[in-house]
1. What residue, among those in the stretch 115-145 that are in contact (Cβ under 8 Å) with a residue 60 or more places away in the chain and aliphatic (A, V, I, L, M), is nearest to K86 (Cα to Cα)?
2. Of all residues in the stretch 1-60, how many are modelled with pLDDT of 80 or more, closer than 30 Å to L91 by Cα and surrounded by 10 or more Cβ atoms within 10 Å (Cβ to Cβ)?
3. I need a count of the residues in the stretch 106-119 that are within 18 Å of the chain's Cα centre (by Cα) and surrounded by 16 or more Cβ atoms within 10 Å (Cβ to Cβ).
4. For the stretch 128-151, give me each residue that is under 17 Å from V75 (Cβ atoms) and basic (K, R).
5. Determine which member of the set T105, T50 is on the phi < 0 side of the Ramachandran plot and in contact (Cβ under 8 Å) with a residue 24 or more places away in the chain.
6. Every residue in the stretch 129-141 that is in a helix (DSSP H, G or I) and either closer than 13 Å to V59 by Cα or hydroxyl-bearing (S, T, Y) (or both), please.
7. Quick one: would you say I80 is assigned to a strand (DSSP E or B), over 18 Å from the mean Cα position of the chain (by Cα) and within 25 Å of F150 (Cβ to Cβ)?
Amino acid sequence: MFQNKLFNMALIIIISITLIGAVTFVLWQFYFSPSAQSAAAGHEEVKPLTADEMVEYTVDSGEITTNLLSNDYIVARFSITADSSKGKEELTKRMPQVNQIIIKTLAGLKRDELRGTEGLNKLEAKIMNEISAIMQDGKIVQVITTKSLFS
């Protein structure tokens, strides 16, 4: 059986490929998969906030009036929800920065980009991501548009 050199080489190649595949599978399952990375990083699964927690951790932006890129203007109001009381406290302290982020975001948009549910969802997501980037003690869970008036 091992007298034929071609057979020996084919057998060695097949065994090598099988071992490489098995090692790759094990490494993927235990080190490189998204679930393994989140477990290693210590990420906890985020539980939804109760209604009482939403009220407790929410900060209102107040009415913001600014020009849009399309020479229209908008009057908008947002409710921004943090994930904890520390997050709300930091968010309250950072309200000038938050208002600046909202104004800059709105100033870079046209009226047509804000129309409909999809436009508002994109705006809320963009504001949430930019505010989350400046937060240190908490994170932003939700941004809700509570008022938008175009002119």
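The values are calculated or read from the model by the stated rules, or taken from the named source; none is laboratory data. None of the values given here were measured: they were computed from a predicted structure. Don't worry about glycine lacking a Cβ; one is built from the backbone with ideal geometry, like all the others, and counts go over all protein chains shown.
1. Ranking the candidates gives I140 first.
2. 9
3. The number of residues fulfilling the criteria is 1.
4. Correct list: K147 only.
5. Just a single option satisfies the conditions, and that option is T105.
6. Correct list: I131, S132.
7. When the stated conditions are applied, I80 does not pass them.
Quick grid of which residues meet (1) under 24 Å from E56 (Cβ atoms); (2) in a strand (DSSP E or B):
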| site | (1), (2) |
| --- | --- |
| V75 | no, yes |
| K86 | yes, no |
| P96 | yes, no |
| Q100 | no, no |
| T105 | no, no |
| T117 | no, no |
| L123 | no, no |
| K126 | no, no |
